[in-house]
Amino acid sequence: MTKNLSCKIIEAHLVAGKMLPGEEIAIKIDQTLTQDATGTMAYLQFEAMGVPRAKTEISVSYVDHNTLQTGFENADDHLFLQTIASKHGIYFSRPGNGICHQVHLERFGRPGATLLGSDSHTPTGGGLGMLAIGAGGLDVAVAMGGGPFHLTMPKVINIRLSGKLNPWVSAKDIILEVLRRLSVKGGVGKILEYGGPGVSSLSVPERATITNMGAELGATSSVFPSDEATLAFLRAQGRGDAWQPLAADPEAAYDEVIDIDLSALEPMAAQPHSPDNVARIKDIGQIKVNQVAIGSCTNSSYTDLMRVSSILKGKTVHPDTSLVISPGSRQVFAALAKNGALADLISAGARILETSCGPCIGMGQSPCSAGVSVRTFNRNFEGRSGTADAKVYLASPEVAAASALTGVLTDPRELGLYPEVSQPEQFLTDDSMILPPSPEPDKVEIRRGPNIKPLPVPKPMDDSLELPVLLKTGDNITTDHIMPAGSKILPLRSNIPAISRYVFNSVDPEFAERALASGGGVIVGGLNYGQGSSREHAALAPMYLGVKAVVAKSFARIHRANLINFGILPLTFEDEAAYESLQQGEILQLAGIIQGLQSGGALSVINKTRNQELKLIHNLSPREAAVILAGGLLNYTKQLN
């Protein structure tokens, strides 16, 4: 039987389950990554398991999110991450070395390997031919401890590329076209596997842009074949020995095929406030642009920034527009400095930021009130920039650079001759900012700052619950809505009692106090509840506030898994009409929970306020039900050991 590439990699790593769409499977994880916004909690969880050394092929702890040090909290967390990595067999990428996905692609990614990361954009590694999956920190901690990663076997969708991109059209336009067609819900339960003759025209950094933003579709992962372009990239990184050829078999079967003619694409942008609100630049029109931000894990590669430099060289940023640029890695930054491109960017009026996530995670560079910001990032959720009424457009580096020069949203084809930029035959490689683990772990003292509080662990699930509806939300609630980021809140990631006070702060500022006063309760959500970031704090902090269940029309994959990991019941409506009738403040009674979860299917719930019965579906596998009943994955894992 012919096989697609995704199934080949899964089959090579399969530990349990049958590879049938919708069935739960478990796969062996070769590599893991964490970043500092999720890493502190992940390593506290790993530490609680009592495993002395990480059991993966390689695990890397990156610092790239919480690099703005306005108090002691972030610096203390960095010391904790460095020392615990040294003690437990984990590599540590120091602040300033770069964004986790860019650096991992450059220095650690390996075709055919599995990568699990506590960041939703971990599928960036699929640009190298990896099966790279984003997950909550607790799942990553279990993988570091040698446990498999459990997931629902995805469907595999073939995105078949033909033709070649025209000048001024880029990889960002390819993934925006996929988002335009499929929406932010269109990838849930699926792997997007790219193939067709058009693939060979795309470099690894271009492929990585596409796989990175597969996260915005809700996809489990995105993957490209490993071919000559992959080999050229790895050789340029001095890692040619990591290469192996990987591709789908001829006539491989897929659950769906989507054809995209690259030559038919034009420059596009995602309009506020969703990555799938996509239109052509020429159709959006020349709106005034207050800010342009170039970088993030999506578009901060050497070739991206060299093209931006070529566009800006000898010119000046429009006087009404601010331009900020974040190189993706120290390698990229150093190369720009060495070849003079950095001087061209500075001379044009760009403000150069450090090699970090920065504005993408709301860590500085917020736009002006009601401002328009054109960003090469991956998300434009309302308020994510740090300015509540800002309008953020997502676009390619070419569109961003052109708009910075003109002060209005600009189709870059108006600039004339397209600057061709090629990947160097040899990148600058300097791994001195990546610290290997200590050969003498017993001598390493773990540094814990006063902001690092004990890990809260949920109690086993009760057999009956009587709970108020604490909040009712609409569709497409993001993890930014549930657990906001930004420079004020991110430093509290290792202090759950403190950060829990900000749960749903942008939606309902009184939510946390209401939850605490009620002794917990239930959240009611619409479609695609929990889309966006992998941040497990969007489950962990509500758990701390006493949330026992979330009832929604549907869930985003990672958030549903995080809810289970922290002992919160993810339930869906048997009849979505029931969603309309449920209101905040009503009391729900759940009885016979243990038997209901063990027998599978539905739970009978009484709305005591209306004296009505609701049918709620849990769709938990036997393992997931056991995790819930144990009070979360940490308790469950300890029981197994």
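Coordinate-derived values only; no laboratory data. Bear in mind the structure is a predicted one, so any value in this text is a computation, not a measurement. Using ideal geometry, Cβ is built from the backbone for each residue, glycine included, and neighbour counts are taken over all protein chains shown.
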- Message: Straight-line reach from K638: which aspartates and glutamates fall under 17 Å, measuring Cα to Cα and dropping same-chain residues less than 8 apart?
- Response: E47, D139, E624
- Message: Can you show me the helix-derived [θ] at 222 nm for the chain, built from DSSP H runs with n ≥ 4 at -39,500 (n - 2.57) apiece and divided by the number of residues, rounded to the nearest 500.
- Response: -8000 deg cm²/dmol
- Computed over the stretch 363-462, the relative contact order (Cα-Cα under 8 Å, seq sep at least six) in percent reads 16
- Query: So between L79 and Q583, what do we pick up on full extension, going 0.36 nm a residue minus the alpha carbon distance?
  - Reply: 176.9 nm
- Query: R280 label point, 7 Å along Cα→Cβ, cut-off 18 Å on backbone N: hits in the stretch 177-204?
  - Reply: 177-181
- Query: Long-range amide H contacts for R375: which residues qualify at under 5 Å (H placed 1.01 Å from N, peptide plane, sequence gap of 5 or more or a different chain)?
  - Reply: A293, Y393, L394, A395
- Considering only the chain, percent of DSSP beta bridges that pair antiparallel, nearest 5: 35
- Item | Over the stretch 465-640, relative contact order from alpha-carbon pairs under 8 Å, at least 6 apart, % | 22
- Cβ-Cβ cut-off under 9 Å around Q35, Lys and Arg +1, Asp and Glu -1: the net charge is -3
- Query: Calculated FRET efficiency, K443 and R623, Cβ-Cβ r, R0 41 Å, to nearest 0.05?
  - Reply: 0.60
- Between S506 and K288, what length comes free when the chain is fully extended (0.36 nm per residue of separation minus the Cα-Cα distance, one decimal in nm)? 75.8 nm
- Under 14 Å, Cβ to Cβ, from F46 - net charge with Lys/Arg +1 and Asp/Glu -1: +1
- Can you list the aspartates and glutamates whose alpha carbon sits under 13 Å from that of K391, skipping same-chain ones fewer than 8 residues off? E382
- Message: Report for the stretch 465-640 the percent antiparallel among DSSP-assigned beta bridges with both residues inside it, nearest 5.
- Response: 50
- Query: Label points 7 Å out from Cα along the Cβ direction at C368 and D475: separation in nm?
  - Reply: 3.5
- State the Cα centre-to-centre distance between the stretch 296-368 and the stretch 587-641 in whole Å. 49
- Want the number for L640 to D249: 0.36 nm per residue separation, take away the alpha-carbon distance, what's left? 136.9 nm
- Item | Farthest toward positive dipole pole in the stretch 268-411 [+1 Lys/Arg, -1 Asp/Glu at C-beta], among V289, L394, A404 | A404
- Using the structure shown, select from K172/K315; K3/K459; K172/K615; K185/K313; K28/K548; K87/K185 the pairs with a Cα to Cα distance greater than 32 angstrom. K3/K459; K172/K615; K185/K313; K87/K185
- Inter-site label distance for L455 and D431 at 7 Å from Cα along Cβ, in nm: 2.8
- Task: Work out the FRET efficiency for R53 and D463 from their Cβ-Cβ distance, taking R0 = 51 Å, and round it to the nearest 0.05.
- Result: 0.85
- Item | In sequence order, calculated HN-Hα J values of the stretch 623-637 (Karplus, 6.51, -1.76, 1.60; Hz; x Gly/Pro) | 5, 5, 4, 5, 5, 4, 5, 6, x, x, 5, 5, 4, 4, 5
- Out of these labelled values of percent of Cα pairs over 39 Å apart, [x] 42; [y] 26; [z] 29, which was calculated from the coordinates shown here? [y]
- Query: Going by alpha carbons, how many degrees (0 to 90, nearest 10) lie between the helix axis of 302-312 and the longest principal axis of the chain?
  - Reply: 50
- Message: Around V257, under 11 Å between beta carbons, what's the net of Lys plus Arg minus Asp minus Glu among the other residues?
- Response: -3
- Task: Determine, from the Cβ-Cβ distance of K315 and I346 and an R0 of 22 Å, the FRET efficiency 1/(1 + (r/R0)^6), rounded to the nearest 0.05.
- Result: 0.95
- Task: Report the relative contact order of the chain, percent, no decimals, based on alpha-carbon pairs under 8 angstrom and at least 6 residues apart.
- Result: 14
- Task: Along Cα→Cβ, 7 Å out, is where each label goes; now give me the distance between the ones at K338 and A12 in nm to one decimal.
- Result: 3.1
